[in-house]
Structures are given as C-alpha cells and as structure tokens.
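The values are calculated or read from the model by the stated rules, or taken from the named source; none is laboratory data. Just so it is clear, the structure is predicted and the values come from calculations on it, not from any experiment. Here Cβ is always computed from backbone atoms with ideal geometry, including for glycine, and neighbour counts include all displayed protein chains.
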Amino acid sequence: MSVRIVDQRTDADWRGSLLKAIDDATVAVGITSMTGEMILHALKAAGEVRLLTRAPIIWGGIHASLLPEQTVEHALVDFVVEGEGEAAFAELARRLAAGEDTGGIPGVWRKKNGRAEGTPRAPLLDMGQLPPVPYHLVDMEKYMQFYKDARRTLFYQSSRGCPHSCTYCYNRTFNAGRWRARDAKNILEELAGLKTRYNLNAVFIWDDNFFIDHARAMEIIAGIKKLGLKCLLHGADVETLARMSDADLDFLGSAGVEALALGVESASDRVRRDILKKRGNLDLVRAQLSRFKGRGIEVSCFFILGFPDETREELQLTINFAMEVLRMGHNFHMERFFNYTPYPGTELFSRLEKRGMAFPRKLEDWGAYHWNYSNLHGADSETGDFLERVATAGNFLDRVKDPFVEFNWVLKVLVALYRPVAWARLRTGILWPMPELWLSRAFKKLVKPVR
C-alpha cells in the first residue's frame, strides 16, 4: 500500500496536489489537526476530498484524540484514530483495503447506524519497536529550519509524554501520564544517517520532557557532539534541572547545546501549587535559571496568564518575574505572554466544564480557539481586555523577535522605538490608553482568511 502526503502549510496549491494524489485506487484519506485554527484548514481539505472520492476520511492527531466522539459525528469525518496511530491507522487501512469489518480496532471510532461507536485504546506503544520515520515521503527542504548562521536544523522527537500531573497539559490524557523513550544508541544511529542524507548542522530535540532519564539524555548529548552537530532542546522542567550538577551544565555548553526551553508558566506559588499542580516553587525556578547566567546557552522561558481563579496580583507577579528573567542576561528570553485557554483532555478543562462553562459542541467551532486569545475570559470584558493589552506589550519585551523584522527597516525602527514603551507599560501597569492595541487589532484583520 503506497502513501502520499499533502501538506497545506508548505503547498500553496494543495488542492491541485490532492487532485493528483487521489485516484480510483485510494483506500482512505487521513487528516491530522491540533485544536484551533488548524481545524478550519483541515475541514477545508476534507471538503475537497469529499468532492474527489468516496473513500473514507480518517481524522487523527491531538484534537480528534481528545474529543473522538464529538469529532467522528461531523459529516466530514468517517473514522477517528484516537491516540497513537502507528498501529491503529495501519490496521484500519488494511481492513478498508480488504473490505473487512472495521469494528473492534483499539482506538478507532466510527459511525454505526448514525451514532458514534468506539473501541478503547490499546496500551501505549513501545517506542523501541517503532519503525523509522519515513522522511523520504516529503520534500525535507520544505521542513528544514535555519537558526544561527543559517544552520540547517531538523526537528526531532526522542521521547513521548511526561510523568508529571500539570493540570493544564494534555499529556495526562494523551500519553496516560507516562514517559517513554527510544534507546540512545538507536537515536544516534538515526541522527547520523539524517545528518548525511540532509546535510544537517544541528538538531532541535522537541520532547515533552527530555531530561527525565538523566543518563540517557547525557549519552544523547555526547553522541550529538561526536556527530559534529549543534543541539537545541525543547522540554525541560526545574526539578530535572535541579538534579543536574554544574559539571553537567558545563558539559551541555561544551557539547554544543545552544538553546534550552523551560516552561515557567506562573510566578505565583499558589497558582503553581493549587491550580496547576506544577512541581517546584518560584525560589527553585529562580535558582535554576541563575545557574545559566554567563553561559553560552540561550534559555527561553514560557509564561501563561489568566488561569482560573488567578488574581490580578498573581498575574502581576508573573509579569514582573518575566521581566526579571530578561534582566538576568543576554542569553535569557521570553517570546510572549500566552493567554490561558482551557484545553480538552486536561484536568482544568474538566473542572471548568463541571462549573458550567460552555465549550464548543461542533468541530468547526473549535477553530476559533487561539493561543493568544483568552477563551476562558472572553465573556469577562475587563479581564479579557487586560490580558490582551498585556499580551500586546509583551510581544515586544525581548529582542528574540528582532531577526523577523530585519528585512524591513521601517519595522525595525518602530520595534526598537516601542520596546522601552512596552517595558514601561508592564512595569507600571499603565495600559490605558493604548493606541498600539488598535493597530494590533487592525493588523490581525488583514491576515489572510483560510484558503
């Protein structure tokens, strides 16, 4: 059975590519999507598929896995593969090709007699038994990232899941609160091949929590160094960093680790402990960040504002701490303040649902979800407006975005002039009046609609 991939993100003529990819022999068409605007794009694609073939449309990915029953009820969805799809999707495709009954496949939902019907998921997969990712199915040049000095960088996943119980994170549902990893030797062998095949200069490891197994993590870093690759790391928490010695941090720097991303989320110990169930208090966060002062590793921190029951004073604690982090040195960064949005499959989402908060009941309505808009406080004009103003100013606190405006000297000058204003606004809390917010809203209206 052959596989063809069409990606709306990289293919301006994705409709034409669908037309070429689908023929009379097509067994099924798979669609993946996260929650948010991506769903609207996915529905556009599904609508085009319906015009081209009677083959069933199978949805998978994060959103469909967290809300499989609701998703499969949509007219443009015939099946949903819940959770990891390597085995379930393959078995479903095999049965469809053979004309066999599709019932009873673990993790697969379908319509039967007009109603949603699903089979519980199988146990999580053993990552050591998974086949290599078939990179050859796509044009990898379209997915190559370019970081410092235009280094050719590939996103790479070495593990799945996280054992922690953070209430805002989908991992407790999607990965059953488990951390699973591939063997370091296997990973390094694959990276060696990828380096040669795609002329890589760096690898960006995009894990949920990379340092859970300290020995494995350090073996991978050492191997990446031997391969002559630079390394960027996404996915770390303060507790695993606290277990690392200063010698370990020295080794990360000498091994070519250039960047590390850390989810701080909130600077309020009450919010961290009682609302988020996030490990480590602010003193521990501050202590671990301080260990990176003067090092050559770029540390990017993520912050979220607007959690349920979070007070205005606690919001300000997080704003102040983000600015404190940026003052620690030139190697400390924060991209923006993210506004909290209740995510399906999380403990906080369930809490809010029990309180009576209304959530979308149709697949297309989830397309309105956005990472920079407070869906929680949308009906609260005062809090929602405050969060939008903070997010607008927060976009300009750090210089991390400067490379994105280098191409336009006018934007470059405007950003440089506005940055001190953004700092002053967030430091003093003077967010009214804010004419730049009007400009921001006008700019968003100019963004192209779904193609």
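Looking only at residues in segment 111-148 that are touching a residue at least 40 places away in the same chain (Cβ under 8 Å) and either in contact with a His (Cβ under 6 Å, 6 or more places away or on another chain) or part of a helix (DSSP H, G or I) (or both), the one that is surrounded by the most Cβ atoms within 10 Å (Cβ to Cβ) is 127.
Considering only segment 23-37, I want to know if a residue exists there that is modelled with pLDDT of 95 or more, in contact with a strand residue (DSSP E or B) (Cβ under 9 Å, 6 or more places away or on another chain) and in a helix (DSSP H, G or I). No: segment 23-37 contains no residue that is modelled with pLDDT of 95 or more, in contact with a strand residue (DSSP E or B) (Cβ under 9 Å, 6 or more places away or on another chain) and in a helix (DSSP H, G or I).
Per this entry, residue 50 is not counted among residues that are surrounded by fewer than 20 Cβ atoms within 10 Å (Cβ to Cβ) and free of Cβ contacts under 8 Å to residues at least 12 places away in the same chain. The number of residues in segment 304-341 being within 30 Å of residue 365 (Cα to Cα), under 24 Å from the mean Cα position of the chain (by Cα) and either among the hydrophobic types (A, V, I, L, M, F, W, C) or surrounded by fewer than 20 Cβ atoms within 10 Å (Cβ to Cβ) (or both) comes to 8.
One line per residue, one yes/no per condition, for (1) modelled with pLDDT of 95 or more; (2) in contact with a strand residue (DSSP E or B) (Cβ under 8 Å, 6 or more places away or on another chain); (3) not aromatic (Phe, Trp, Tyr):
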site	(1), (2), (3)
101	yes, no, yes
108	yes, yes, yes
114	no, no, yes
124	yes, yes, yes
132	no, no, yes
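Taken as a whole, the structure places residue 162 among residues that are part of a loop (DSSP other than H, G, I, E, B), touching a helix residue (DSSP H, G or I) at 6+ places or on another chain (Cβ under 6 Å) and either assigned by TED's automatic domain parsing to the domain that holds residue 83 or of a type in the set (A, V, I, L, M, F, W, C) (or both). Return yes when residue 216 is surrounded by fewer than 14 Cβ atoms within 10 Å (Cβ to Cβ), farther than 29 Å from residue 8 by Cβ, under 24 Å from the mean Cα position of the chain (by Cα) and not assigned by TED's automatic domain parsing to the domain that holds residue 81 and no when it is not. Judged against the criteria, residue 216 is not a match. The helices (runs of 4 or more DSSP H) located wholly in segment 172-273 that include 1 or more residues which are at pLDDT 95 or above, among the small types (Gly, Ala, Ser) and under 23 Å from residue 300 (Cα atoms) occupy 214-226, 238-242, 246-254.
Restricting to segment 30-58, name every residue that is among the β-branched types (Val, Ile, Thr) and touching a Ser or Thr at 6+ places or on another chain (Cβ under 7 Å).
39, 53
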